[in-house]
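K.L.:
Here's a structure for you.
Readers should treat all values here as calculations from the given coordinates under stated rules, not as data from a laboratory. Please read all numbers here as calculations on a predicted model, not as lab measurements. For neighbour counting, all protein chains shown are included, and Cβ atoms are generated from backbone atoms with ideal geometry for every residue, glycine included.
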There are 2 protein chains.
Amino acid sequence: MSVIAVGSMAFDTIETPFGKVDRIVGGAATYAAYAASNFVQPILAVSIVGNDFPEQEMVELRRRGVSLEGVEIVPNKKSFFWSGKYHMDMNTRDTLITDLNVMADFNPVIPDSYQDAEFLMLGNTVPALQMSVLRQMKRKPRLTILDTMNFWIESTPDDLRQTISMVDVLMVNDAEARQLTGEYSIVKASHKILHMGPKFLIVKKGEHGALLFHENHVFFAPALPLEEVFDPTGAGDTFAGGFIGYLAKTKDISFENMKTAIIMGSAMASFCVEKFGPQRLKEITTKDIDTRVQQFVELVQFDIDLV
Amino acid sequence: MSVIAVGSMAFDTIETPFGKVDRIVGGAATYAAYAASNFVQPILAVSIVGNDFPEQEMVELRRRGVSLEGVEIVPNKKSFFWSGKYHMDMNTRDTLITDLNVMADFNPVIPDSYQDAEFLMLGNTVPALQMSVLRQMKRKPRLTILDTMNFWIESTPDDLRQTISMVDVLMVNDAEARQLTGEYSIVKASHKILHMGPKFLIVKKGEHGALLFHENHVFFAPALPLEEVFDPTGAGDTFAGGFIGYLAKTKDISFENMKTAIIMGSAMASFCVEKFGPQRLKEITTKDIDTRVQQFVELVQFDIDLV
């Protein structure tokens with residue numbers, strides 16, 4: 001069961017309290033693809049890069065079952081570049097530089113060979129482009145997940161609303177859920193968002209875990225308490241990749257199975273933050289993932305005797 | 001199995017985004033006693049009040065199995081008074097007024113009739129007084145829990161360190177755990193604190209839940225996502241009361257049982273914040289608690305198939 005992952009493939013310069021790295025490979029599609037490929041292959045990437053994107057990274061992605069047929073390579077331009085600095089709490093960051101470069105011309109085209117994919121992850125980008133991808137799908141995917149950000153909530157609210165109405169799962173952070181609805185309470189915000197169209201809402205809270213809302217149900221997945229979070233960059237995209245990868249692998253999009261999928265996403269994100277960039281995602285084995293998931297089980301399981 | 005609860009009994013004036021209440025009954029011992037009495041009785045209160053503390057509240061507490069023999073009533077003085085205003089996020093607040101009144105003379109005396117208690121909750125107060133209580137116990141209680149706050153970490157660090165070394169469970173919030181250890185990572189902070197003496201550490205994170213650390217184990221209890229948090233005042237003390245009340249009821253102080261106790265504490269705290277002051281704690285039934293605990297089970301339970 002294949003997964004389409006639409007999003008940036010880029011370079012990041014990142015500073016955290018633990019150090020600084022210069023122009024390492026990043027981007028939503030990169031993180032999501034590395035994470036999802038642990039569960040299912042192929043992952044069908046849709047992105048755009050410049051002539052500077054490393055051939056070695058392309059080889060590594062292909063080796064992990066990531067198809068790059070949908071990745072446009074622009075010969076005379078540079079790849080998207082982002083530079084940011086994290087604060088001590090690692091939940092907040094300042095963007096220092098955003099060089100759109102090739103992203104300014106991003107016009108995602110779904111190759112014919114991708115049309116059979118039943119799972120679609122729309123990484124954060126211009127809502128009109130996300131809509132364009134949805135419209136290019138000849139058959140509605142079994143499950144479509146949408147990520148977005150504050151910038152689009154402010155600058156293209158109507159396009160965003162329309163895009164949101166077309167997907168099955170919206171995935172935002174707590175601040176974005178508040179901004180999108182004008183509700184401070186995440187529970188109230190969830191009611192409003194579930195009325196906008198999506199059947200499921202995932203609210204990411206970084207080191208404080210994630211919530212899954214569906215009808216009147218709610219599920220909470222903790223983040224694993226870690227000694228050090230070296231670099232949170234890409235954790236949200238990695239989470240999304242683990243989530244959709246597990247759903248595609250199990251071919252089960254019920255609320256019950258989504259709970260497990262969120263734990264899988266959280267486990268993948270917990271690896272991601274242990275090193276700068278997607279490095280850690282390239283090192284881990286299936287056994288590492290199983291061990292990590294078992295830590296999540298131990299983290300939250302308890303016996304209950306009612307009062 | 002009785003529980004001693006040492007702490008303030010007081011008046012609070014509270015402003016939240018949802019309204020304002022004037023001089024309602026509060027205090028760490030009050031909240032802890034109301035919460036714990038749902039699990040075990042008697043609760044043996046140790047506190048000090050002025051001549052203004054309502055007789056009606058005393059009657060209500062006694063009716064719920066709270067002994068007030070250890071509560072000194074000072075005839076010519078006023079009860080402790082605190083006034084605060086919560087910010088929109090409800091996790092932060094400004095203290096507007098602190099009138100110590102009788103608390104300035106607080107010198108807790110453990111009545112002889114309390115000496116058989118096997119569970120001791122030391123609510124937040126001067127560390128030297130907490131130590132005095134520990135020394136008054138003729139037989140070491142089976143379990144002693146200590147709460148404290150930033151003020152004592154700054155002003156009486158040596159006394160606080162000594163008190164911490166004498167207890168079984170330290171209960172602080174995330175900011176206090178960081179301040180106490182100089183470690184930003186809560187996991188690293190937990191290692192340092194468990195080296196100070198306590199066998200267990202509970203880190204409260206408000207709406208983000210609570211962590212329990214013991215040796216190399218960690219357990220996470222979520223907070224229940226609520227439509228509205230009307231008033232967080234007393235939620236930490238209510239959590240402590242539910243936690244120790246459940247342990248006393250079950251007479252089991254293992255790490256496994258403490259996990260369940262933390263869920264019980266979280267359930268009690270989730271009621272506390274639904275109304276101003278301890279009001280909601282006086283309304284709930286055993287059935288309400290069972291239903292609420294079941295919501296926690298549903299909130300975190302998931303099935304796992306390894307990758």
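K.L.:
Quick one: with label points 7 Å out along Cα→Cβ, list the inter-copy distances for B:Arg62 in nm, shortest first?
P.N.:
Result for B:Arg62, in nm, nearest copy first: 8.5.
K.L.:
Sort chain A into rounded, prolate or oblate with this rule: let a ≥ b ≥ c be the square roots of the eigenvalues of the Cα gyration tensor; rounded if a/c is under 1.5, and if a/c is not under 1.5, prolate when a/b is larger than b/c, oblate otherwise.
P.N.:
rounded
K.L.:
My understanding is that a pair violates if its Cα-Cα distance is over 21 Å; which of A:Lys204/B:Lys20; A:Lys20/A:Lys275; A:Lys188/B:Lys275 do that in this structure? All intermediate terms of the calculation are to be shown ahead of the outcome.
P.N.:
On the way: A:Lys204/B:Lys20 32 Å; A:Lys20/A:Lys275 11 Å; A:Lys188/B:Lys275 18 Å.
Too far apart for the 21 Å limit: A:Lys204/B:Lys20.
K.L.:
Considering only DSSP beta bridges with both partners in segment B:3-300, what is the antiparallel share in %, to the nearest 5? Intermediate results must be reported in sequence, preceding the final value.
P.N.:
Working: 22 of 54 bridges.
Taking every DSSP beta bridge within segment B:3-300, about 40 percent pair in antiparallel fashion.
K.L.:
To one decimal in nm, how far is B:Leu226 from the same spot in the other copies, if labels go 7 Å from Cα toward Cβ? Please give the shortest first.
P.N.:
Label-point separations across copies, in nm and ascending: 3.2.
K.L.:
Trypsin sites (Lys or Arg not before Pro) within segment A:101-205: which are DSSP loop residues with at most 16 other Cβ atoms inside 10 Å? It would help to have the intermediate numbers written out before the result.
P.N.:
Values: sites: A:Arg135, A:Lys138, A:Arg139, A:Arg142, A:Arg161, A:Arg178, A:Lys188, A:Lys192, A:Lys199, A:Lys204, A:Lys205; in loops: A:Lys138, A:Arg139, A:Arg142, A:Lys199, A:Lys205.
Sites meeting the loop and neighbour criteria: A:Lys138, A:Arg139, A:Arg142, A:Lys199.
K.L.:
Give, rounded to the nearest 20 debye, the magnitude of the charge dipole that chain B has about its Cα centre when Lys and Arg contribute +1 at Cβ and Asp and Glu contribute -1 at Cβ.
P.N.:
Dipole magnitude for chain B comes out near 640 debye.
K.L.:
Which shape class applies to the protein assembly as shown: rounded if a/c is under 1.5, otherwise prolate when a/b exceeds b/c and oblate if not, where a ≥ b ≥ c are the square roots of the Cα gyration tensor eigenvalues?
P.N.:
Values: a/c = 2.31, a/b = 2.18, b/c = 1.06.
Here the protein assembly as shown falls in the prolate category.
K.L.:
Please give the Cα centre distance for segment B:87-162 versus segment B:175-217, rounded to the nearest Å.
P.N.:
19
K.L.:
Quick check on segment A:97-206: take the gyration tensor over C-alpha atoms, sort the square-rooted eigenvalues as a ≥ b ≥ c, and tell me if it's rounded (a/c under 1.5), prolate or oblate.
P.N.:
Working: a/c = 2.16, a/b = 1.33, b/c = 1.63.
Oblate.
K.L.:
Given only helices, namely DSSP H runs of n ≥ 4 each adding -39500 (n - 2.57), what is the per-residue ellipticity at 222 nm of chain A, to the nearest 500 deg cm²/dmol? Intermediate values should be presented prior to the final figure.
P.N.:
Numbers: 11 runs with 114 residues, N = 307.
Value at 222 nm, helices only: -11000 deg cm²/dmol.
K.L.:
If the limit is 26 Å between Cα atoms, which of A:Lys85/A:Lys282; A:Lys85/B:Lys259; A:Lys287/B:Lys192 go over it? Don't jump to the answer; show the numbers that get you there.
P.N.:
Numbers: A:Lys85/A:Lys282 24 Å; A:Lys85/B:Lys259 37 Å; A:Lys287/B:Lys192 30 Å.
Over 26 Å apart, Cα to Cα: A:Lys85/B:Lys259; A:Lys287/B:Lys192.
K.L.:
For segment B:1-107, what is the charge dipole size about the Cα centre, in debye to the nearest 20, if Lys and Arg each add +1 at the Cβ and Asp and Glu each add -1 at the Cβ?
P.N.:
Values: 9 positive and 13 negative charges, 33 e Å.
It works out to roughly 160 debye.
K.L.:
Between copies, how far does the label point of B:Glu154 sit from its twins, in nm, shortest first, when each point is 7 Å from Cα along Cα→Cβ?
P.N.:
3.4
K.L.:
Pull up the DSSP beta bridges for the protein assembly as shown and report the antiparallel fraction as a percent, rounded to 5.
P.N.:
Values: 44 of 108 bridges.
Here the antiparallel bridges make up roughly 40 percent for the protein assembly as shown.
K.L.:
Sticking with this structure for a sec: Could you tell me the relative contact order of segment A:1-117? Use alpha-carbon pairs under 8 Å, at least six residues apart, and round to a whole percent. Let's see the in-between values first.
P.N.:
On the way: 258 pairs, mean separation 34.3, N = 117.
It rounds to 29 percent for segment A:1-117.
K.L.:
Over segment A:3-300, what is the mean sequence separation of C-alpha contacts under 8 Å (at least six apart), divided by residue count, expressed as relative contact order in percent?
P.N.:
Numbers: 638 pairs, mean separation 53.5, N = 298.
This gives 18 percent for segment A:3-300.
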